[in-house]
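The values are calculated or read from the model by the stated rules, or taken from the named source; none is laboratory data. On a predicted model such as this, the values are computed, not experimentally measured, just so you know. Here Cβ is always computed from backbone atoms with ideal geometry, including for glycine, and neighbour counts include all displayed protein chains.
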Amino acid sequence: MEKLRLGLEWFLNPDHIPLLAGLEEGWFAAEGLDLEMIEPEEHFDALDEIEAGRMDVAVTEPLHLVADRAEGQPVVGFARFLHTNGGVMFLEGRGIERPRDMAGKRLQYPGAPGPGGPAIVRTMIEADGGPPGAELEPVNNGFYHTDALAEGKADLATLVFYNFELVEAAGRGLDAGFFALKDWGVPDFCQLVLITTESVLRERRGALEALLRVLSRGIDLVHQRPGRAREIYRARGPEGSGEPLARAICDATLPCFTYDLAMSRDYYRRLGQWLAETGQISGVPAPETLWTNELVGLGRGGRG
C-alpha cells in the first residue's frame, strides 16, 4: 500500500464525502492507496506541511492557490471537485437591500483586518454603482460568520458558502440575505481544488492519478446514490453528523460536486488580475504555472 496524506482545508465536513466514499467502499485500497486525511491546525498551513514532507496533497480554494504562487511558492493545482455559490451574507431588515448599501458597514471575515474581505465587498459595492474605496470596519470572529451576525458583532460576513452558512442561518431561524460574488464583479473562487508542489506532482504522479480515479467514483456515487452518500457521511463524518442541521448542510452540499475536474487558464488569469488590481498580490502569476489538467480525464484505467 502506498501512503498518501491529504490535508483538508478545514475540519472534516460534507465537502469531503467523495473521499469518505472511497474509504468506505474500499476503492482506495483497491488502487493500492492508504489515504490519510489530515485536519490542519491552521486553516492556511497546508502548503508548508507539503513542503515539510508531512502532507502530499491538500484541499484549498483557487484564491489561496494564486496568492501562494504569487509569493513564489512552488504550488500547483491539478483537480477541482466542488463548486458552490459564495459571497456576502447579511440579515434582512437591517438596511441592506443591495450591494452599495454595504458601504460603511462592519464586515466579518477570517483574517481581518487583512485586505481580502474588504476587496470583495468594495468590488461588489462599485459594481452596484457605489463609491470606490468605501469605508468598512473589519471584524474577526474567525469562521463563525453566523454567530457574528446573530450576536450583533458585524453587519456583513464574507467568504461564506451558500451550502453552509446560509443553511446554518436558516436552521437557526435567522432571515439571511446574500449577494453572490459571481453576480457583482468578483471572480467566482468559491470552489475547492486539490494542490501539491511541483516536485510531488512529478514524483508521485501514479498515486495522484489513482486519487483522482477514486475521487471521480465518489462524485458519481454522490449524484447517482445520494442516499448512500448520506449514510457514508453519517458513518464517517464528525460527531453530530446525523443532527438536523448537519443533515441539512449535507443535503445542500451534495449537488455542489462537479464531474468536470478541469479548470481553464483564462479563469486563473482573471482571478490573478483581480487579486492584483485590489492590492492583494503584487504580480500576476502566469496561468500555466498555477494549474495543470494533465491528470484529469484519464479514465478509471489510468493513462490507457
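Exactly one condition in (1) part of a helix (DSSP H, G or I); (2) over 17 Å from the mean Cα position of the chain (by Cα); (3) crowded, with 22+ Cβ neighbours inside 10 Å is false for residue 170; which is it?
(3)
Hey, residue 194 hits all of (1) closer than 28 Å to residue 77 by Cβ; (2) part of a helix (DSSP H, G or I); (3) not β-branched (Val, Ile, Thr) but one; which does it fall short on?
The number of the failed condition is (2).
For (1) over 15 Å from residue 96 (Cβ atoms); (2) surrounded by fewer than 21 Cβ atoms within 10 Å (Cβ to Cβ); (3) in contact with a Lys or Arg (Cβ under 8 Å, 6 or more places away or on another chain), each residue gets a yes or a no:
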site	(1), (2), (3)
113	yes, yes, no
142	yes, yes, no
153	yes, yes, yes
159	yes, no, no
190	yes, no, no
195	yes, no, no
199	yes, yes, no
205	yes, yes, no
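To keep it simple, each residue is scored yes or no on (1) out of contact with any Cys (no Cβ under 8 Å at 6 or more places or on another chain); (2) surrounded by fewer than 20 Cβ atoms within 10 Å (Cβ to Cβ); (3) in contact (Cβ under 8 Å) with a residue 40 or more places away in the chain.
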{"position": "234", "(1), (2), (3)": "yes, yes, no"}
{"position": "239", "(1), (2), (3)": "yes, yes, no"}
{"position": "244", "(1), (2), (3)": "yes, yes, yes"}
{"position": "250", "(1), (2), (3)": "yes, no, yes"}
{"position": "258", "(1), (2), (3)": "yes, yes, yes"}
{"position": "265", "(1), (2), (3)": "yes, yes, no"}
{"position": "280", "(1), (2), (3)": "yes, yes, yes"}
{"position": "290", "(1), (2), (3)": "yes, no, yes"}
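So which residues in the range 119-139 are assigned to a loop (DSSP other than H, G, I, E, B), in contact (Cβ under 8 Å) with a residue 12 or more places away in the chain and over 20 Å from residue 176 (Cβ atoms)? Write out each step before concluding.
Step one: filter the range 119-139 for residues assigned to a loop (DSSP other than H, G, I, E, B), giving 128-136.
Applying the additional criterion that residues be in contact (Cβ under 8 Å) with a residue 12 or more places away in the chain yields 128-131, 134-136.
Selection gives 129, 130, 131, 134, 135.
For the subset of the range 227-273 comprising residues that are under 15 Å from the mean Cα position of the chain (by Cα) and outside any helix (DSSP H, G or I), which member is farthest from residue 289 (Cα to Cα)?
Filtering first and then ranking leaves 257.
Going through the range 122-159 one residue at a time, which ones are at pLDDT 95 or above and aliphatic (A, V, I, L, M)?
124, 125, 127, 134, 136, 139, 148, 149, 150, 154, 156, 157
Residues that are out of contact with any strand residue (DSSP E or B) (no Cβ under 7 Å at 6 or more places or on another chain) and of a type outside the set (Gly, Ala, Ser), at least 2 per element: which strands (runs of 3 or more DSSP E) completely within the range 1-118 meet that?
Values: elements: 2-7, 33-38, 57-60, 75-83, 86-91, 106-108.
Once the strands (runs of 3 or more DSSP E) in the range 1-118 are filtered for at least 2 residues that are out of contact with any strand residue (DSSP E or B) (no Cβ under 7 Å at 6 or more places or on another chain) and of a type outside the set (Gly, Ala, Ser), nothing remains.
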